[in-house]
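I have placed the structure first, in the form of structure tokens, so that the comments after it can refer back to it.
The values are calculated or read from the model by the stated rules, or taken from the named source; none is laboratory data. This is a predicted model, so every value here is computed, not measured. Don't worry about glycine lacking a Cβ; one is built from the backbone with ideal geometry, like all the others, and counts go over all protein chains shown.
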Amino acid sequence: MDRPQLMAIVIALMVVLLVLMYLGWRARRRRQSGIAAPAVAPTERGAEIGSFEGKYVATTASGDPYDRVAVHGLGFRASASVSVAEKGILLELVGAPDVWIPRGDVRGIRTATWTIDRVVEQEGLDLVEWMLGDKQVDSYFRMEEPARFENAVHDLLERKAS
């Protein structure tokens, strides 16, 4: 075989792989179509506990960091502004609809080192555990001020308990 034939084979294989990736993503979205959409953010969110900048990494099924949620704008990484207020958490993701997590749906916060396709230093990701409809999910963030963000979410959880 000469060089042009080898190039054609390589290009054809790349096209086949891209088509398979697209079909797999479409099938995942179809399988997850029954997952409830996030709540709409209320106009009155209560007093702000904190506002933070960082990166949204992923949302996965709780306890399964390989099972990415691909629906409702949660499927792709994005720059994020996260506001923690008395009534919940507002995620403003670049290129995706805003996501509101009511205080009653927030189950916890902890740190993680990896998820799906992202590995960072020990405890370099913040993992917010919450309910998306009736499905337990984990959302991963890489915040610029992780300690302040964690404290704000802990404060929110304390308000939930009282």
Item to complete: Of all residues in region 78-91, count the ones that are of a type in the set (D, E, K, R) and crowded, with 17+ Cβ neighbours inside 10 Å.
Response: 1
Worksheet entry | strands (runs of 3 or more DSSP E) completely within region 51-107 that count 3 or more residues being of a type in the set (A, V, I, L, M, F, W, C) and either touching a residue at least 60 places away in the same chain (Cβ under 8 Å) or closer than 14 Å to G133 by Cβ (or both) | 78-85, 99-102
Discussion item. I'd like to know if region 139-161 contains one or more residues that are among the polar types (S, T, N, Q) and modelled with pLDDT of 95 or more.
Written reply: yes
Item to complete: Filter region 41-50 down to the residues that are in contact with a strand residue (DSSP E or B) (Cβ under 6 Å, 6 or more places away or on another chain) and outside any strand (DSSP E or B), then identify the one that is surrounded by the fewest Cβ atoms within 10 Å (Cβ to Cβ).
Response: G46
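Take A61 and decide whether it is touching a Gly at 6+ places or on another chain (Cβ under 7 Å), surrounded by 15 or more Cβ atoms within 10 Å (Cβ to Cβ) and among the small types (G, A, S).
Working: touching a Gly at 6+ places or on another chain (Cβ under 7 Å): no; surrounded by 15 or more Cβ atoms within 10 Å (Cβ to Cβ): yes; among the small types (G, A, S): yes.
In short, no.
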